[in-house]
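Each reported figure results from applying straightforward, stated rules to the coordinates on display, with no laboratory input. This one's a predicted model, so the numbers in the text were calculated from it and none came from an experiment. Every residue, glycine among them, receives a Cβ derived from its backbone with ideal geometry; neighbour counts consider all protein chains shown.
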Amino acid sequence: MRWTLTPVLAVLAALVLVVPLTAEAQGKGTIKVATQSPLSGELAALGEGIKLGTQLAVEKFKGPVEKAGFKVELVPFDDQAKPDVGVANAKNIIADKDILVVIGHLNSGVAIPSSEVYKEVSLVMISPANTNPLITDRGLPNVNRVCGRDDVQGAVAAQFAKDNLKAKSVYIVHNKNQYGQGIAEFFQDTAKKQGMQVLGFEGTEERANFDPILTPVKAKNPDVIFFGGEYPQAAPMFRQAREKGVKSKFLGPDGLDSTELLKLGGDAVVGMHFTTVAGGVREYPKAKEFADDYKKKFGKDPEPFAAQAYDATAIGLKGLEAAIKEAGGKAPTREAVAKAVRKVKHSGITGSVDFDDKGDPKKATYLIYEVAKEWKDNKLVKRLEIAAPAAKKQ
Amino acid sequence: MDWQLVFAILPQVVMDGLVLGFMYALIALGYTMVYGVLELINFAHSEIFMVGAFVGVEILLGLKAHGVLDPLHPFLVLLLIVLAGMLVSGLLAVAIERVAYRPLRGAPRLIPLISAIGVSFFLQDAVRLTESLWRNAFYLTYPSFAVFNRRVEFGEQFDFSIKSLLVVAASLLMLFALQFLVTRTKLGRAIRAVAEDQPTASLMGINVNRIISLTFLIGGAMGGAAGVLFGVQYNTINPFTGFIPGIKAFTAAVLGGIGNIPGAMVGGLVLGLLEAFAASYLSLFTGGAFGAEYKDIFAFSILILILIFRPRGLLGEVVRERA
């Protein structure tokens, strides 16, 4: 019996060898750009924006890579804003050898574990939206972002509380996740350094009943309440605070940047401020064409981070182009792409990006908005360009 | 420690705790009554509560969209949505019993428990799906009424809103009505008979299935009323709103002595107060080392202690009859 198997094996082996060869013959194959963002669940609107921004950029900038003989394809993944789903997707992504660039994620808590998976194969990830310092502070050569960081954002918010809101005392509440608690701590650090009195620092997963948390807040009567977290909790909390007769001013980070904040919070949130790393497209003069194309193609206005995803993708494709050139026109390795991306200098629609040695943009934009009665009328109060801090020794 | 502050906010904390506690008590009734007659823990009850909250918000938003909300008297509107929430949730509970529990009545105890968990997931996602299709959002906000938000002030630190008062009043009313129904009427006697011994009750001419359906109807209605009051009190609801209050109310039922109606009330109040105290005072008393985020751990540790010394719950031994 044994000898009869040999020819079968030989045929199989031949097939395995021949199939890639024939594919090679019709051009140099396909290069895929993957997106990872929540396409379902409560943050789906933002995640969809990342996907569509990437799609637009792939169509616009794939030219040079296609000219080099590769087909460029977009493969969207839904991370559901959950770390476990993000990691499971990441494992599928690294198994697909054609995927050379990942654009994502929306949530830092998902991006951090997923990027550990990409790191195994040096697959480059360019984040349009993750603001947690740990994204880049781990010093991974394959992880980059085009937006600002929470340590700076928290500090900007605290400085704003002092200079513009004239706050002498603050009360901090956070949502206990990596993002919310992180930014709340950075806010607290700067607030203390600036001589403001921190009257309380509380975490809560509560979504409905904020009474017991607000009772001490009301008694201590802080000038400003800072909420580190996202709008599904912030809106009811601020609303209940006003109903309870709390007179403090409200302040929060970019997790509050959604029309839902106004829908859920009503009049209580009108006049409050939030900081963000991604302004509306109208803040970026160069993004006008992008916004028009987006509206024409998808029938809606771009969400926050869609323009950032567009820039991130453009950078990814530039990196690909450089890596292909370096490989003499052949398909580059993932490692080569990651190296090339880190070197890209790109003047994008949301600003020019030039990565430092850990993958942060050397200068990032931070904006502060005041909430108006109609979300689209939100007023830009302050705009700052701040350099990323150097990596701390861990 | 800042004793002045501790005492200044005390009345407010007690009030917050009472409001929360009565809400838990109303939900706990659904668990306790069903357990009383079937010895089944109806884990779908938290979703019955949530559906009640959604019925309330849908009616309010519907009225608002047609511009008839403002002319109507707010108390009338409140009565309307509470009744509607009770009706829908009560009928839903009956339907769940008919579909998911009755066919399994002879099966081992754990089987209906699993089908209860299944129903619970089903209802969460059914509401999420319909609201997503219907409103393109499943975080919904109760329109606020100026009258209910008005605050009655007593000095600097203590005040409460009209709506908290309404929650307390409505809960008390329903609890007393229920207690009266169960202990003083013929129907109540039938319920107690079924709880005591089903075959014998059936021999005495009681239609056991009807009584069980009725128990689900009453328990579900209480849950629905709690859902509407929860929405009015805390504004924002979503399809997963029911889970945490449901678990807490179940705990309250066990704490009070499961199967026991006054027990559910006592358990709810104790749990609500513990939680409010923990959330407001933990960081004051520990100098910020433990904050409000540990309120549940604190509250549940005390519960465990109580149950170690009184395993049948606070009122579990005093009152022999089960509802």
Among A:Tyr366, B:Tyr139, what is the fewest-to-most ranking by other Cβ atoms within 10 Å? B:Tyr139, A:Tyr366
Within 10 Å of each Cβ in B:135-142, the average number of Cβ atoms from other chains: 3
FRET efficiency (A:Asp292, B:Arg310; Cβ distance; R0 60 Å; to 0.05) is 0.30
Please state the Cα pair-distance histogram of segment B:58-213 with 5 angstrom bins from zero: what percent is in each bin? 2, 7, 10, 13, 14, 14, 13, 11, 8, 5, 2, 1, 0
Return the single residue from A:Val173, A:Val101, A:Val270 with maximal mean-square fluctuation; model: Gaussian network over chain A, springs between Cα atoms under 10 Å. A:Val270
So, over other residues within a Cβ distance under 12 Å of A:Thr333, counting Lys, Arg +1 and Asp, Glu -1, the net charge is +2
For the protein assembly as shown, just the Cα set please: Rg and Dmax, both in angstrom. 29.4, 98
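Please give the net charge around A:Lys60, taking every other residue with its beta carbon less than 14 angstrom from that of A:Lys60, where Lys and Arg add +1 and Asp and Glu add -1.
Taking every Cβ under 14 Å from that of A:Lys60, the sum is -2.
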Just list whichever of A:Lys60/A:Lys339; A:Lys28/A:Lys62; A:Lys220/A:Lys249; A:Lys168/A:Lys218 have alpha carbons separated by over 18 Å in the model shown. A:Lys60/A:Lys339
Please report the net charge: other residues with Cβ closer than 13 Å to the Cβ of A:Gln80, K and R +1, D and E -1. -4
Over the Cα atoms of segment B:1-101, compute the convex hull volume and normalise it per residue, giving Å³. 160
Heads up, chain A by the C-alpha gyration tensor (a ≥ b ≥ c square roots of eigenvalues; a/c under 1.5 rounded, else a/b over b/c prolate, else oblate) looks prolate
Phi-derived 3J(HN,Hα) across segment B:285-295 with the Karplus relation (6.51, -1.76, 1.60, θ = phi - 60°), rounded Hz, x for Gly and Pro, is 7, 9, x, x, 5, 10, x, 4, 5, 9, 4
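What does the structure give for B:282-288 when I average, per residue, the other chain Cβ atoms found within 10 Å of the residue Cβ?
Average neighbour count from other chains, rounded to a whole number: 2.
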Given +1 on the Cβ of Lys and Arg, -1 on the Cβ of Asp and Glu, and no further charges, what dipole in debye does chain B carry about its Cα centre, rounded to the nearest 20? 1000
Taking the Cα centre of the protein assembly as shown as origin, work out the dipole magnitude from +1 charges on Lys and Arg Cβ and -1 charges on Asp and Glu Cβ, in debye rounded to 20. 460
Sorted peptide list for A:298-307, A:281-290, criterion being average Cβ within 10 angstrom, highest first: A:298-307, A:281-290
Charges on Cβ only, +1 for Lys and Arg, -1 for Asp and Glu, centred on the Cα centroid of segment B:212-323; of B:Ala252, B:Thr241, B:Ala299, which one is farthest towards the dipole's positive end? B:Ala252
How big is segment A:91-133 along each principal axis, measuring the range of its Cα positions in Å and listing the largest first? 28, 16, 14
Taking R0 as 35 Å, what FRET efficiency do you get between B:Leu172 and B:Phe300 from their Cβ-Cβ distance, rounded to the nearest 0.05? 0.85
So how do A:Leu43, A:Leu264, A:Leu256 line up by other beta-carbon neighbours within 10 Å, fewest first? A:Leu43, A:Leu264, A:Leu256
Determine the alpha carbon to alpha carbon distance for each of A:Lys32/A:Lys358; A:Lys82/B:Lys248; A:Lys286/A:Lys363 and list only those over 21 Å. A:Lys32/A:Lys358; A:Lys82/B:Lys248
Name the long-range amide H neighbours of A:Phe77: under 5 Å, sequence gap of 5 or more, or other chain; modelled H, no Pro or chain starts. A:Thr35, A:Gln36, A:Ser37
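Let me know the shape class of chain B, please: from the alpha-carbon gyration tensor, a ≥ b ≥ c as square roots of the eigenvalues, rounded when a/c is under 1.5, otherwise prolate if a/b is greater than b/c, or oblate.
oblate
What do you get for Rg/Rh over segment B:148-214 if you use C-alpha atoms and the Kirkwood form of Rh? Spell out each step's value before the answer.
Values: Rg = 19.9 Å, Rh = 14.7 Å.
Looking at segment B:148-214, the ratio lands at 1.35.
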What residues have an amide H closer than 5 Å to that of A:Ala167, excluding those fewer than 5 places away on the same chain, when H is modeled at 1.01 Å from N in the peptide plane? A:Lys162
Determine how many Å³ per residue the convex hull of the Cα atoms of segment A:242-312 encloses. 101
Once the piece of chain linking B:Ala107 and B:Ser202 is laid out straight, how much longer is it, given 0.36 nm per residue of separation minus the C-alpha distance between them? 32.2 nm
Could you list the residues of segment B:251-284 with an amide nitrogen less than 20 Å from a label point located 7 Å from the Cα of B:Phe180 in the Cα-to-C-beta direction? B:261-266
Please rank B:Phe43, B:Phe158, B:Phe122, fewest neighbouring Cβ atoms within 10 Å first, as an exposure proxy. B:Phe122, B:Phe158, B:Phe43
With a/c under 1.5 counting as rounded, go ahead and sort segment B:120-178 into rounded, prolate or oblate using the C-alpha gyration tensor (a ≥ b ≥ c being the square roots of the eigenvalues; past the cut-off, prolate if a/b is larger than b/c, else oblate). oblate
Looking at chain A as a GNM with Cα springs under 10 Å, which of A:Val72, A:Val269, A:Val381 has the largest mean-square fluctuation? A:Val381
Can you compute the FRET efficiency between A:Lys343 and A:Ala390 using 1/(1 + (r/R0)^6), with r the Cβ-Cβ distance and R0 = 25 Å? Round to the nearest 0.05. 0.85
Of A:Gly329, A:Ala372, A:Gly348, which is farthest on the positive side of the dipole of segment A:317-372, counting Cα position, with +1 on Lys and Arg Cβ, -1 on Asp and Glu Cβ, and the Cα centre as origin? A:Gly329
Which residue, chosen from B:Ser171, B:Tyr142, B:Phe160, occupies the Cα position most advanced towards the positive end of the dipole of chain B, where the dipole is computed from +1 (Lys, Arg) and -1 (Asp, Glu) charges on Cβ about the Cα centre? B:Ser171
Would you be so kind as to identify all helices of chain A, as entire DSSP H runs, whose Cα atoms reach 24 Å or more along the helix's own axis and whose mean Kyte-Doolittle hydropathy is at least -1.0? A:2-25, A:44-61, A:306-326
Under a 10 Å cutoff between Cα atoms, tell me which one of A:Gly348, A:Gly41, A:Gly319 has the largest fluctuation in the Gaussian network model of chain A. A:Gly41
